[in-house]
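All of the numbers you see were taken from the coordinates with simple rules; none came from a lab. Bear in mind that the values here come from a model prediction, so they are computed numbers and not experimental data. Neighbour counts are summed over all protein chains in view; Cβ atoms, including those assigned to glycine, are modelled from backbone coordinates with ideal geometry.
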Amino acid sequence: MTWMLYITLVEVCHRYVNVALNKPAYQQNPFFQTGNVGDASNAVDGKRSDLTRNGGQCVLSGARETATWWVNLTTTHNIQNISIYFMTDNKPWGASNENAKSALGFSVYVSNTTDKETGLLCFKDDNFTLETIPAVFTTTCPVHGQYIIYYNERLRGVNYPDNYHYSVINNLCEVEVYGCPVTGCYGSNNSLPCPDVNCQYCHKETGTCQVCKPGYKGQQCKLECETGKYGVNCSKSCGNCHNEPQCHNVDGSCTDGCSAGYRGSLCTERKYNFTINTCLYHLTFLNFYLRCLRFPFGFTFLILHDNQCFTFCH
Ligand SMILES: [Ca+2]
């Protein structure tokens, strides 16, 4: 019996992981303009032993009409639960705590963009009071998404309950987003990892891949993108790579640099447009003499002025 209980606990613990841990985070109107105290990343640093505003483990924004914080999971995740640890200042939570007054009315969204309006509203507080709002809030939200957005507002012209603070802040010490790991999971307990290595997430019941990771395609995501393509659904076209039509199937980068005349990390920018315009600008307004010379690696413009030669535009 003891062993059965142990096995069950192990399965539960390994079913979901905190996919928000150490992921990029952002907040509107940060209270501290410099330093790490109150930084947006403090809500995903895995630390929640010090719940004070100056303890370096919490997020803090300035008091405004709106407060927004989000974490970017960096890829779409199969999310199950979201927990929020509010900033209590290590004091009793509730009616005597100003932070609780500010937290009332908060919302939690899951979105595929940084715009909450394009996402799903997982939770909106319409019922908590200072006596009932929990210091650690958990909601179930079984959806797919990349951004977890915390939002609150005290808009002008809107009547709020008497116990609401007149302004809102981001007062978050930790936001934990429990979901499947990057490879996804499925099954009756949603505890089995998706079988296809290059699968972004799979069907909850069958394990069949629904979306491949960027750079892969096919029913089991075994195939890399076809020549000249890369990215999500292999929908993006490669730039002008040197001596090859194919770029990196995931991020579109070129292994051996760009073809002559192109630049940029994806080799999609024309190399000479800007420099030619720059030279023409100087030619027109400074009455310089422009001469164009051809070199093995491309074009270089020389500007001659007062018998001095300036190598100007490479
Ligand atoms: Ca923290």
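Couple of notes before you dig in:
- Each label was represented as a point 7 Å from its Cα along the Cα-to-Cβ direction; for Val232 and Arg64 these points are 2.6 nm apart.
- Cleavage-rule hits, trypsin sites (Lys or Arg not before Pro), the stretch 72-176, DSSP coil, Cβ neighbours within 10 Å at most 11: Arg156
- Flagged links, alpha-carbon separation over 26 Å, of Lys204/Lys229; Lys23/Lys101; Lys23/Lys204; Lys213/Lys271; Lys47/Lys204; Lys204/Lys236: Lys204/Lys229; Lys23/Lys101; Lys213/Lys271; Lys47/Lys204; Lys204/Lys236
- A simple count of charges around Leu60, restricted to other residues whose Cβ falls under 11 Å of its Cβ and scoring Lys, Arg +1 and Asp, Glu -1, yields -1.
- Simple spin-label estimate for Leu223 and Ser265 in nanometres, 7 Å along Cα-Cβ: 2.9 nm
- Straight-distance crosslink candidates among aspartates and glutamates, where the alpha carbon sits under 12 Å from Lys217 and sequence neighbours closer than 8 are dropped: Asp196, Glu226
- Qualifying aspartates and glutamates (Cα of each under 15 Å from Cα of Lys116; at least 8 residues distant if same chain): Glu153
- Using only side-chain charges placed at the Cβ, +1 for Lys and Arg and -1 for Asp and Glu, the dipole size of the stretch 17-179 relative to its Cα centre rounds to 140 debye.
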